[in-house]
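Some notes on the structure that comes next.
The values are calculated or read from the model by the stated rules, or taken from the named source; none is laboratory data. None of these values were measured; they are calculated from a predicted model. Note: ideal-geometry Cβ built from the backbone for every residue, glycine included; neighbour counts use all protein chains shown. Protein only, heavy atoms only, side chains kept; ligands, DNA and RNA dropped before computing areas. Shrake-Rupley method; radii C 1.70, N 1.55, O 1.52, S 1.80 Å.
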Amino acid sequence: MTGAAPFVAAEPAATHGRAVRAPIRLPVATQPLLVISIDCEEGFDWRYPVRGTEFDLTSIAQLPRVADRLRRHGARLTCVATYPVVDDDATWAVLEGMAARGDAVLGAHLHPWVTPPYDEAPTRFNSYQGNLEPKLEAAKVARIAGRIADRTGGRPTLFKAGRYGFGPSTAAALAEAGFEIDLSFMPFWDYEDEGGPSFVDIGSDPVWLEMADGAGPALLELPHTAGFVGLGRRWGAQAFPRMDTKALRQLKVPSAFAWAGLLNRIRLSPEGVTLGEAKRLTELLLEDGQRVFHLSFHSTSLVPGLTPYAQTEAEVEQLLGWLDAYVDHFTGRLGGQVVTPHEVRAVLEGGIPDISTGPAARVAHDPKPPINVMLCCNEGFMQHVAVALVSLLANNPGRAFDIVVVSGDPLVESWPKLQRTLAPWRDSTVRLVRFQAPADLELPLNNRYTVEAYTRLWIEQLMPASVERVLYLDGDLIVRGDIGPLWDVELGGSLLAAVDIPGSTRCALIEIPEEEGYFNSGVMVVDLAQWRRTGALPELLDYIRRRPETLLDADQDALNACFHARRTRVDYVWNVISPFYFAYHPLGLSDAELERVQRDAQIVHFNGVSKPWTYMSRHPHQAEYYRYLAMTEWRDYVPSDKTLPNMVKKTLAQAVPEPVRRALRR
């Protein structure tokens with residue numbers, strides 16, 4: 001986590017009575033943050049949210065189930081409670097216990113029809129608190145805040161309006177009652193058909209709300225996360241309101257657009273949203289630069305039959321599984337963290353280094369020496385090197401790295417961009433080393449391999465003399481997890497550690513024993529002290545001079561020919577190359593083993609022809625490449641093959657089931 005960036009200066013814009021500042025965007029290298037809010041409320045008939053409607057409070061006792069499922073992710077829930085829940089001793093005890101255990105922070109959730117004083121008419125219109133007279137709305141806000149204060153001894157600072165009912169006077173009422181953070185906005189949704197608010201022109205980024213007296217931003221708005229997926233997602237905010245009308249909904253026009261993959265509006269919630277849709281929305285918003293996310297659902301979905309989203313106990317369990325899987329994806333694959341709204345506000349104001357991935361947190365929590373890393377590239381490959389390094393640093397917040405980038409090109413334009421990209425990780429270093437192979441050395445080249453492919457052979461000269469172990473990485477890969485187990489691999493006297501290429505037939509061509517296997521040299525841990533001591537470089541160069549005809553894969557063949565007997569095998573997950581995803585050749589692995597490697601891949605290596613930076617790439621980790629690309633100075637990159645015909649072709653292809661696609665490709 002880097003320090004907070006101030007929101008963009010802008011004139012407040014009146015939005016249905018709400019004056020808001022420009023959206024707040026944190027630096028692209030910021031660790032993604034997730035707030036999980038639960039509407040802790042009474043169960044009632046959603047068709048009749050008026051005073052006198054019968055309700056029950058049974059769902060509150062189920063909340064610890066959520067905490068138990070998510071505790072392994074370090075998640076703290078944000079529980080906002082309605083007046084009946086706060087007022088009831090038994091239900092309040094549940095929330096109080098969760099807060100005491102560190103599982104939750106508490107706030108207020110206002111349902112006007114069950115919150116005194118009851119001076120309004122019992123109508124659906126008045127179920128939106130923003131429709132109430134300002135004095136009455138302020139009185140209800142003050143009443144629930146006071147009841148929570150009676151329970152806790154301190155005023156609550158978190159608020160969410162029931163039914164997203166934030167109106168023209170709500171911000172002033174909240175500020176007067178001492179609230180600091182609101183969670184009410186539902187971006188891109190319009191509730192005006194039934195007298196509610198419209199948020200069609202509000203996005204998912206945090207915003208500061210302006211007070212009517214112009215006193216300045218005092219209330220932070222953390223909207224629910226919502227957005228669009230599909231071919232037309234870039235135009236979703238403009239196009240969707242035109243087709244989200246009562247008449248077109250009856251004709252199922254929005255559903256047809258969603259089914260065709262053209263445009264689908266999604267909110268981040270386990271209620272009515274598939275896990276795949278939620279992951280896809282999150283990844284797209286990350287690519288767009290969003291770093292703060294807000295997932296929400298109702299406590300009543302934890303009791304069968306109280307909401308449309310969980311009618312049976314099996315569906316309740318499915319919802320809990322959805323939450324567990326999504327948070328695992330967010331904190332694991334996406335490198336994010338579950339935080340409280342207060343922590344988000346502190347980040348936006350430049351504080352709380354303890355949830356940071358920046359240097360303060362790393363130095364404080366992990367005194368391990370830095371990991372030495374080397375990559376080799378030319379000017380044209382620097383974008384991909386930036387992606388590789390960002391993925392490495394983002395997924396290893398507890399480690400420092402000393403990185404050497406080796407190139408024969410001057411990198412006049414791209415080197416400053418790489419330095420700016422990596423600047424947030426201030427306890428890691430990156431250094432450029434210029435290198436040219438000896439002019440009198442004839443290196444076999446072809447249309448696949450340039451001279452840069454051989455550069456790593458001079459690793460002993462390119463790394464500082466004090467370095468005894470190096471992690472070498474190709475530039476066309478992403479790191480997806482903790483690199484520590486690979487870095488700490490026991491070499492047992494071997495010169496290097498590397499991953500086998502399953503099913504390779506290269507052993508016979510370079511005359512090495514089949515049982516020793518043929519390794520991919522794109523990821524290696526090298527014992528550099530032994531490399532120097534044993535004269536590894538002269539041995540490799542001698543082989544290249546004597547056997548140039550065997551070097552189909554450039555230096556990789558030479559490394560295998562010379563050091564096949566001095567190599568430690570490591571698990572496939574540390575260098576998952578393209579044959580694991582595409583049928584280039586038989587791998588000789590069981591289906592279970594192939595599934596394990598694909599599932600647990602720690603480093604994905606984009607070798608072969610399906611490069612993720614091409615629009616038509618079919619690589620299953622293409623979206624991850626673009627997520628990390630969005631955290632670099634190359635974030636505006638557009639593939640040259642992203643043409644309208646290809647966009648239509650890809651959208652149609654994605655609508656065809658994978659088994660059918662595989663059959664058509666045969």
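A count restricted to segment 523-558 and to residues that are under 18 Å from R469 (Cβ atoms), touching a residue at least 40 places away in the same chain (Cβ under 8 Å) and open to solvent by less than 50 Å² (accessible area, probe 1.4 Å) stands at 10.
Exactly one condition in (1) in contact with a Lys or Arg (Cβ under 9 Å, 6 or more places away or on another chain); (2) among the small types (G, A, S); (3) open to solvent by less than 10 Å² (accessible area, probe 1.4 Å) is false for A623; which is it? With respect to (1) in contact with a Lys or Arg (Cβ under 9 Å, 6 or more places away or on another chain); (2) among the small types (G, A, S); (3) open to solvent by less than 10 Å² (accessible area, probe 1.4 Å), A623 is out only on (3). Selection over segment 294-306 of residues that are touching a Gly at 6+ places or on another chain (Cβ under 8 Å) and open to solvent by less than 10 Å² (accessible area, probe 1.4 Å) gives a count of 1.
If we scan segment 471-491, do we find a residue that is assigned to a helix (DSSP H, G or I), open to solvent by less than 50 Å² (accessible area, probe 1.4 Å) and among the aliphatic types (A, V, I, L, M)? Yes, some residue in segment 471-491 is assigned to a helix (DSSP H, G or I), open to solvent by less than 50 Å² (accessible area, probe 1.4 Å) and among the aliphatic types (A, V, I, L, M).
Does any residue of segment 262-278 turn out to be farther than 27 Å from L306 by Cβ, surrounded by 14 or more Cβ atoms within 10 Å (Cβ to Cβ) and either out of contact with any strand residue (DSSP E or B) (no Cβ under 9 Å at 6 or more places or on another chain) or touching a residue at least 40 places away in the same chain (Cβ under 8 Å) (or both)? Yes, segment 262-278 contains at least one residue that is farther than 27 Å from L306 by Cβ, surrounded by 14 or more Cβ atoms within 10 Å (Cβ to Cβ) and either out of contact with any strand residue (DSSP E or B) (no Cβ under 9 Å at 6 or more places or on another chain) or touching a residue at least 40 places away in the same chain (Cβ under 8 Å) (or both). In this structure, is V303 under 30 Å from N396 (Cα atoms) and touching a residue at least 60 places away in the same chain (Cβ under 8 Å)? The answer is no for V303. Of the residues making up segment 317-331, those that are touching a residue at least 60 places away in the same chain (Cβ under 8 Å) and either touching a helix residue (DSSP H, G or I) at 6+ places or on another chain (Cβ under 6 Å) or open to solvent by 30 Å² or more (accessible area, probe 1.4 Å) (or both) number 5. What do you reckon, is R567 charged (D, E, K, R), crowded, with 19+ Cβ neighbours inside 10 Å, over 30 Å from G335 (Cβ atoms) and in contact (Cβ under 8 Å) with a residue 40 or more places away in the chain? Criteria met by R567.
Is there a residue being under 23 Å from I577 (Cα atoms) and either open to solvent by less than 10 Å² (accessible area, probe 1.4 Å) or modelled with pLDDT under 90 (or both) anywhere in segment 410-429? No - not one qualifying residue is present in segment 410-429. Do we find that V404 is closer than 26 Å to L496 by Cβ and at pLDDT 90 or above in this structure? The answer is yes for V404. Determine which member of the set G74, G107, G52 is under 34 Å from the mean Cα position of the chain (by Cα), small (G, A, S) and farther than 18 Å from D150 by Cβ. Of the residues listed, the single one that is under 34 Å from the mean Cα position of the chain (by Cα), small (G, A, S) and farther than 18 Å from D150 by Cβ is G74. Quick check on this structure: which one of R566, R599, R545 is of a type in the set (K, R), more than 18 Å from V523 (Cα to Cα) and in contact with a Leu (Cβ under 9 Å, 6 or more places away or on another chain)? When all the criteria are applied, what remains is R545.
Pairs linking a residue in segment 627-655 that is more than 19 Å from G232 (Cα to Cα) to a residue that is open to solvent by 100 Å² or more (accessible area, probe 1.4 Å), with Cβ atoms under 7 Å and 6 or more positions apart or on different chains, are E633/R420. Tell me, yes or no, whether segment 210-221 has at least one residue that is touching a residue at least 60 places away in the same chain (Cβ under 8 Å) and among the charged types (D, E, K, R). Yes, the conditions are met somewhere in segment 210-221.
Could you tell me whether any residue of segment 437-444 is surrounded by 19 or more Cβ atoms within 10 Å (Cβ to Cβ) and touching a helix residue (DSSP H, G or I) at 6+ places or on another chain (Cβ under 8 Å)?
yes
Return a yes/no flag: does segment 324-333 have any residue that is in contact with a strand residue (DSSP E or B) (Cβ under 9 Å, 6 or more places away or on another chain), at pLDDT 85 or above, more than 30 Å from S521 (Cβ to Cβ) and outside any helix (DSSP H, G or I). No: zero hits.
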